[in-house]
Amino acid sequence: MKIPRIPDAQLDLLAERLSAIGVGRRDFLKVAAGLATLGAAGFNARPAAAAPKLGPGEKLAKDQHLRIGGGGWWQNDPSSHDYNKDLYCTGVAALWAGLMKFDVNFQPVPYVASKVATNADGSVWTFTIRKDSKWSDGGPCTAKDFEWSWKRQMDPASKNPYSSYFYDIKGAEPFNKSKVPDASQVGVVAKDDWTLEVTLEGPRGYFPVLSAYLAALPAHRPSVEKHGDKWTEAANIVCNGPFTLEAWEHNKVMVLRKNKHFLGAKDVTLDKVTIPIVPLESGALPYENNELDLSPLQTGDLKRLRDAPATKGQVFRYPFPGTWYLLPQVTKPPFDNVKVRRAVAHAIDRESIVRVADGFAIPAHSMIPPGFPGAVDDKKIRDIQRFDPKAAMAMLKGTPFEGGRNWPKITLTMRQEGLGSKPLAEAVQSVLLEHLNMKTDLEVQEQRVFRAGLWQHNYQFVWIRWFMDYPDPHNEYFDTFYGKKTEGKRQAWVNDAFDKELELGRDTRDTKKRMANYAKAEEIMQTDAGYIPVAWVARWAAAKPTVRGLEKNKLGETVVDGNIYVDMLPQIYMVEKA
């Protein structure tokens, strides 16, 4: 199928969405519009396979075995490895291969697909599947597998909390909401074994971006139907990614092996990956004890490893787009009063709060971090929730809480996690007490318990973070705050004008108009104090000198697996110790 020329407007849109990756580089977005990252090949640009690059005197280790984890990676046992049904399973993404994947610059490139084409207006996308695409049992992985998998994700019987992800697909929403009896009208069709045609609700220039994300990974139908919820256990799983699951000793360790049937197996050097389940409280001790080769670092460990002569050369910062923010629940007093919410917003001393993070956070004034598509750097918006203690107290005039008095019991709820989350939350408590005389109790919940209560809007006041799933403002705003979502919604706050801007941004292919819509949405949400941005995430990790192959992006930053880029393990190789 011949690929039509992608219009200039769409190339501009994609460049703005996919090129920018530099955390902390406020001006990078201005440059991004001029970067035609997709080039003449559009979505069909395929990076060249990178052979191991050995330095003088170096040689590949005989034992290609990587030990990875700790520092918050797999601190809890995964619920499964079934991303197709549960995006939040915390499994191992390297077991799977989607139609597309994100490269180190967050640009979607073909993976199981050999090429992707669109009709004139971007409302129909056609993916051609590689004929060497196989499952780990040697059977072909075809377009029919992706059709079944995507429809399984939308199936209301799956109770997938992220099913709205595919609502851009024609017929997906009514099927998911049980308004039609089956998936026959859903616009995902395998035309033959090697051709998947996807019809959307309208022009969606970003759809290949969605197809590159974890939520679009496939599932092996025979295994699902035979083993049910146990189909991703080591003895049952059939996968299609670079690695297979050789062993899974629950709550202790997972062991991966190179998948000999993987379509890119010849370019994978690692033979074995060991992933221990390491409690967060262990910090960097397993890494320092030489039990791990690659590990993210927590706040308590960064300074020590960065300052020690033996390890300072092993520490590096990596981009991980995320935002810490507060959710005052508008259905629960005192936050049902917009003046109280605005008072809280003005009481947040971001500069003071991030000092406790020791390099893991910087002050945030909007949802999207600087340098990423859709980031706003507008004084008008920054001023809406500027730190201003006098304005904060003035907001309480005429309320039952005037002068910072008569506050009811207020509980700030958060999930248990590392990366300085709790110290940041405690710093938030401190500034609220100082500037509003608002005393809050901090409630820390286990992640799965927290998530269940969050989606039911059970909590009065929430401290939470959002990690970007795919590099487009549709993700930060529509997927997170859209009021018409029926599930997976973090907050009770709804605003029709806000929703309208998101719908306009979703439906247009004009780059400038889209970004203007999302900027207006940010302004509306901050004015109504539907949320309060506090800090943007910064991340650090350490790698032993024997670890090679970690990719660098265009800004020269080393990139590790996260929510978007999950192609790290196939790139890594081990060298002999010096």
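The values are calculated or read from the model by the stated rules, or taken from the named source; none is laboratory data. Values in this document were obtained by computation on a predicted structure and should not be read as measured data. Positions of Cβ are generated from backbone atoms using ideal geometry, with glycine treated the same way; all protein chains shown enter the neighbour counts. Quick note on the areas: whole protein, heavy atoms, side chains included, nothing else; ligands and nucleic acids left out. Shrake-Rupley method; radii C 1.70, N 1.55, O 1.52, S 1.80 Å.
Residue 366: buried (at least 21 other Cβ atoms within 10 Å of the Cβ), hydroxyl-bearing (Ser, Thr, Tyr) and touching a residue at least 60 places away in the same chain (Cβ under 8 Å), yes or no? Give the steps one after another, and end with the answer.
Numbers: buried (at least 21 other Cβ atoms within 10 Å of the Cβ): yes; hydroxyl-bearing (Ser, Thr, Tyr): yes; touching a residue at least 60 places away in the same chain (Cβ under 8 Å): yes.
Here the answer is yes, as residue 366 does meet what is asked.
Every residue, every condition in (1) of a type in the set (D, E, K, R); (2) touching a Phe, Trp or Tyr at 6+ places or on another chain (Cβ under 7 Å); (3) in a loop (DSSP other than H, G, I, E, B), yes or no:
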position: 302; (1), (2), (3): no, yes, no
position: 306; (1), (2), (3): yes, no, no
position: 310; (1), (2), (3): no, no, yes
position: 317; (1), (2), (3): yes, yes, no
position: 323; (1), (2), (3): no, yes, no
position: 326; (1), (2), (3): no, yes, no
position: 332; (1), (2), (3): yes, no, yes
position: 335; (1), (2), (3): no, yes, yes
position: 343; (1), (2), (3): no, no, no
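Restricting attention to region 184-231, the residues being surrounded by 15 or more Cβ atoms within 10 Å (Cβ to Cβ), assigned to a strand (DSSP E or B) and of a type in the set (Asp, Glu) number 1. Cβ separations smaller than 7 Å between residues 6+ apart or across chains give the following pairs from region 508-521 residues that are free of Cβ contacts under 8 Å to residues at least 24 places away in the same chain to residues that are open to solvent by 60 Å² or more (accessible area, probe 1.4 Å): 517/504. In a residue-by-residue description of region 134-142, the property of being in contact with a helix residue (DSSP H, G or I) (Cβ under 7 Å, 6 or more places away or on another chain) and crowded, with 24+ Cβ neighbours inside 10 Å applies to no position.
One residue stands out among those in region 369-390 that are part of a helix (DSSP H, G or I) and open to solvent by 20 Å² or more (accessible area, probe 1.4 Å): the one that is farthest from residue 107 (Cα to Cα), which is 390. Within the bounds of region 125-137, is there any residue that is modelled with pLDDT under 95 and not charged (D, E, K, R)? No, that holds for no residue.
Taking the stated definitions as given, is residue 204 within 26 Å of residue 562 (Cα to Cα), modelled with pLDDT under 95 and not hydroxyl-bearing (Ser, Thr, Tyr)? Judged against the criteria, residue 204 is a match. Taking region 243-277 as the range and being touching a Leu at 6+ places or on another chain (Cβ under 8 Å) and under 16 Å from residue 77 (Cβ atoms) as the test, the residues that pass are 245, 254, 255, 256, 274, 275, 276.
Being under 14 Å from residue 234 (Cα atoms), in a loop (DSSP other than H, G, I, E, B) and open to solvent by less than 10 Å² (accessible area, probe 1.4 Å) is the filter here, so list the residues in region 252-271 that pass it. 259 - this is the single residue of region 252-271 that is under 14 Å from residue 234 (Cα atoms), in a loop (DSSP other than H, G, I, E, B) and open to solvent by less than 10 Å² (accessible area, probe 1.4 Å).
Just one of the numbered conditions (1) under 17 Å from residue 118 (Cβ atoms); (2) at pLDDT 95 or above is not true of residue 174: (1). Just the residues that are at pLDDT 95 or above, open to solvent by 10 Å² or more (accessible area, probe 1.4 Å) and assigned to a loop (DSSP other than H, G, I, E, B), please, taken from region 279-292. Within region 279-292, 289, 290, 291 qualify. Could you identify the single residue in 462, 444, 449 that is on the phi < 0 side of the Ramachandran plot and part of a helix (DSSP H, G or I)? Exactly one of 462, 444, 449 is on the phi < 0 side of the Ramachandran plot and part of a helix (DSSP H, G or I), namely 449.
Residues are listed down the side, and each one gets a yes or a no for (1) within 16 Å of residue 223 (Cβ to Cβ); (2) open to solvent by 10 Å² or more (accessible area, probe 1.4 Å):
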| residue | (1), (2) |
| --- | --- |
| 84 | yes, no |
| 94 | no, no |
| 103 | no, yes |
| 107 | no, yes |
| 111 | no, yes |
| 130 | no, yes |
| 150 | no, no |
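Please count how many residues of region 536-578 are more than 22 Å from the chain's Cα centre (by Cα) and more than 23 Å from residue 303 (Cβ to Cβ). Total satisfying the criteria: 9. Scanning region 152-164 for residues that are open to solvent by less than 30 Å² (accessible area, probe 1.4 Å), more than 20 Å from residue 240 (Cβ to Cβ) and in a helix (DSSP H, G or I) gives 154, 163, 164. Could you tell me whether residue 547 is surrounded by fewer than 21 Cβ atoms within 10 Å (Cβ to Cβ) and within 30 Å of residue 349 (Cβ to Cβ)? So residue 547 does not fit the description; no. Residue pairs whose Cβ atoms lie under 7 Å apart, sitting 6 or more positions apart in sequence or on different chains, and linking a residue in region 225-252 that is more than 23 Å from residue 112 (Cβ to Cβ) to a partner that is among the β-branched types (Val, Ile, Thr) and open to solvent by less than 80 Å² (accessible area, probe 1.4 Å), are 247/255; 251/277; 252/277. Restricting attention to region 345-368, the residues being among the small types (Gly, Ala, Ser) and outside any loop (DSSP other than H, G, I, E, B) number 5. Looking across 503, 522, one residue alone is among the charged types (D, E, K, R) and open to solvent by 30 Å² or more (accessible area, probe 1.4 Å). It is 503. If you check 489, 500, 520 for being part of a loop (DSSP other than H, G, I, E, B) and either touching a Lys or Arg at 6+ places or on another chain (Cβ under 7 Å) or of a type outside the set (S, T, N, Q) (or both), only one passes: 489.
Please verify whether residue 145 is acidic (Asp, Glu), in contact (Cβ under 8 Å) with a residue 12 or more places away in the chain and assigned to a loop (DSSP other than H, G, I, E, B), treating the condition exactly as stated. So residue 145 does not fit the description; no. Scanning region 84-116 for residues that are hydroxyl-bearing (Ser, Thr, Tyr), modelled with pLDDT of 95 or more and in a loop (DSSP other than H, G, I, E, B) returns a single hit, 111. When region 365-385 is filtered for residues that are within 27 Å of the chain's Cα centre (by Cα) and basic (Lys, Arg), only 382 remains. Please tell me if residue 566 is β-branched (Val, Ile, Thr), in contact with a helix residue (DSSP H, G or I) (Cβ under 8 Å, 6 or more places away or on another chain), part of a loop (DSSP other than H, G, I, E, B) and within 30 Å of residue 272 (Cα to Cα). In short, yes. Show the residue pairs that are 6+ apart or on different chains and have beta-carbon atoms under 6 Å apart, the first residue being within region 455-483 and closer than 22 Å to residue 338 by Cβ, the second being open to solvent by less than 10 Å² (accessible area, probe 1.4 Å) and aromatic (Phe, Trp, Tyr). Correct list of pairs: 477/518. Checked against the criteria, residue 167 counts as within 27 Å of residue 484 (Cβ to Cβ), open to solvent by 20 Å² or more (accessible area, probe 1.4 Å) and aromatic (Phe, Trp, Tyr).
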